[in-house]
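As structure tokens, the structure follows; a few thoughts come after it.
The values are calculated or read from the model by the stated rules, or taken from the named source; none is laboratory data. Computed from a prediction, not measured in an experiment: that's the story for all the values here. Quick reminder, even Gly has a Cβ in these numbers, built from the backbone with ideal geometry, and neighbours come from all protein chains shown. Keep in mind that these areas ignore ligands, DNA and RNA; they rest on the heavy atoms of the full protein, side chains included. Shrake-Rupley method; radii C 1.70, N 1.55, O 1.52, S 1.80 Å.
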Amino acid sequence: MSFVTSLKFRGWALLGAAALCLALPGAITTLGNSAHAGGALEERKRPMHFKWNACQPDCRGWVSAVGIVTSDSPREFEEFARGRDLAGATIVLDSSGGSVNDSITLGRRFRGLGVLTAVGATVRTQTPRGERVSVAPEAYCESMCVFLLLGGKTRYVPPVAHVRVHQIWMGDRADDAKASSYSAQDLMIVQRDIGRLTKYAFEMGGTGDLLSLALSVPPWEDLHELSRTELRVTNVVTTEIAADVFPQDNAGVPMAEAKPAKPQDRFVSSAMEGEAQPQGKSTKTAEAAVPTGGTATAPAQPQK
């Protein structure tokens, strides 16, 4: 988890760009050969947007939250929620992180609504009987998205999903963190927002292990992917049953099938075991870019 801050930003944001694979019914589609998957990755790079996905009669539907959390995200969620009864709804996250302080605001709003949270990529496919919507389990929740996930009163992460964390840092210097210089004011901001994040994590039921894992990964290293054991010990995951976050009227759960990855049921953080175990190449922290072709703004707060 890395907090990335820009000189003109006043908060923090967590960012991490990563490859995304979509698990479609009967097939695994990768970014390398799928225009649809490429579009999904592009969505994750844009400011977060919210969409209601109806799937009656199989389930009651869910909210997809895709993209980077910006200073506009809390307001846009309020506009999305207006006129909708979202109490106890399910929110499915596919995000690279974003503004730390705005993610905290959004996470507290989620908890106030008593929502359920999960990691997944919402997939729409056309069938002879019309459009079918499902949740692809192989998706990414990185940086501040992990803390947004904590906002759910019940939290589910599919075995093939990727949950990654890293340290907070100044966004305008994250790309060359070692060579950059820092003022006392910079250090004050970092310490202040670590405190805010710590308070929030404990309020949401997270553990000190989550903060320890995240804060041990500097911006010049790859993001740390939480193992199944770490997801449980940090209390990021509260259930291993998809139906607990996708309440349904019958046996149909809208989670597209994918072959589960072999869980790594051991700690791999050097901060917790004194040794590191490679978990695959992931991207380093990056500052949110101003989106093109859209109206949303870039994060108005430093970023993780």
Please count how many residues of region 51-91 are touching a helix residue (DSSP H, G or I) at 6+ places or on another chain (Cβ under 7 Å) and surrounded by fewer than 18 Cβ atoms within 10 Å (Cβ to Cβ). 1
Of all the strands (runs of 3 or more DSSP E) wholly in region 1-90, which have at least 2 residues that are at pLDDT 50 or above? 49-53, 62-66
Against the condition modelled with pLDDT of 75 or more and either on the phi > 0 side of the Ramachandran plot or not charged (D, E, K, R) (or both), how does ALA174 come out, does it pass? no
If we scan region 217-231, do we find a residue that is over 28 Å from CYS55 (Cβ atoms) and part of a helix (DSSP H, G or I)? yes
Being farther than 22 Å from ALA243 by Cβ and modelled with pLDDT of 90 or more is the requirement here; does VAL146 meet it? yes
Quick one: which residue in PRO218, PRO254 is in contact with a strand residue (DSSP E or B) (Cβ under 8 Å, 6 or more places away or on another chain) and either open to solvent by less than 60 Å² (accessible area, probe 1.4 Å) or at pLDDT below 95 (or both)? PRO254
Find all pairs meeting these conditions: Cβ atoms under 8 angstrom apart; at least six residues apart or on different chains; first residue within region 231-244 and among the hydrophobic types (A, V, I, L, M, F, W, C); second residue surrounded by fewer than 17 Cβ atoms within 10 Å (Cβ to Cβ). VAL233/THR207
